[in-house]
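S.K.: Right, I'll just put the structure down here and ask away after.
All of the numbers you see were taken from the coordinates with simple rules; none came from a lab. From a predicted model like this one, the values you see are computed outputs, not experimental measurements. Please note: Cβ atoms are built from the backbone with ideal geometry, for glycine as well, and neighbour counts cover all protein chains shown.
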């Protein structure tokens, strides 16, 4: 079965987002489990910059500036051809390089191994963090209700 360009784009967005949100320590640990970095050329060395975050109240209305966030970007080309790119939160050059290499590897024959050894564990870590945050938030939730006073 062939995969269409729309599905490839959706898959790539998912792994790129996961890499961008991952903690640098988690990515580094799982990267070590993959083994040595593949032969590659650095097309754009990791660069630190900033972006302006914009938002909307209630997801509607006019956009406004929320604030700035540091990002690091990097681009690489594997010796066997695929290019990898990364924009990651924060100022970690190492994380940006590793994320770009993972992106390139996901477009090569190593995709299944990278998915099993790195992306799936990262997704599990992210899911556990979200569940933990949700449980903490739920513990502080207050349910308000209205009592109706009966008239005799």
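S.K.: In degrees, nearest 10, range 0 to 90: what is the angle between the Cα axis of helix 5-21 and the longest Cα principal axis of the chain?
M.R.: It is inclined by approximately 80 degrees.
S.K.: Using a Gaussian network model of the chain whose springs link C-alpha atoms within less than 10 Å, name the residue from 16, 52, 106 with the highest mean-square fluctuation.
M.R.: 52
S.K.: Suppose R0 equals 30 Å. What FRET efficiency, 1/(1 + (r/R0)^6) with r the Cβ-Cβ distance, do residue 62 and residue 129 give to the nearest 0.05?
M.R.: Once rounded, the FRET efficiency stands at 0.40.
S.K.: Any chance you could run the full-extension gain for residue 136 through residue 70? It's 0.36 nm times the residue separation minus the Cα-Cα distance, nm to one decimal.
M.R.: 21.0 nm is the gain from fully extending residue 136 to residue 70.
S.K.: Follow-up question, since we're still on this one. Any idea what angle helix 93-106 forms with the longest principal axis of the chain, computed on alpha-carbon atoms, 0 to 90 degrees, nearest 10?
M.R.: Around 80 degrees separate the two axes.
S.K.: Based on the alpha-carbon gyration tensor of the stretch 24-95 and its eigenvalue square roots a ≥ b ≥ c, which shape applies: rounded if a/c is under 1.5, prolate if not and a/b is larger than b/c, or oblate?
M.R.: prolate
S.K.: Have a look at 73, 29, 93 and tell me which one the Gaussian network model of the chain (Cα, springs below 10 Å) gives the largest fluctuation.
M.R.: 29
S.K.: Given 10 Å bins starting at zero, what is the percent of C-alpha pairs of the chain in each, up to the one with the largest pair distance?
M.R.: Final binned percentages: 10, 30, 30, 16, 7, 4, 2, 1, 0.
S.K.: To continue, here is another question. How high is the relative contact order of the stretch 6-71? Use alpha-carbon pairs under 8 Å, at least six apart in sequence, and give a whole percent.
M.R.: The value is 22 percent.
S.K.: Here is a further query. Springs between alpha-carbon atoms under 10 Å, Gaussian network over the chain: tell me which of 53, 97, 18 tops the mean-square fluctuations.
M.R.: Looking only at 53, 97, 18, the largest GNM fluctuation is found for 53.
S.K.: Taking the Cα atoms only, what angle lies between the long axis of helix 24-34 and the longest principal axis of the chain, rounded to 10 degrees?
M.R.: 40
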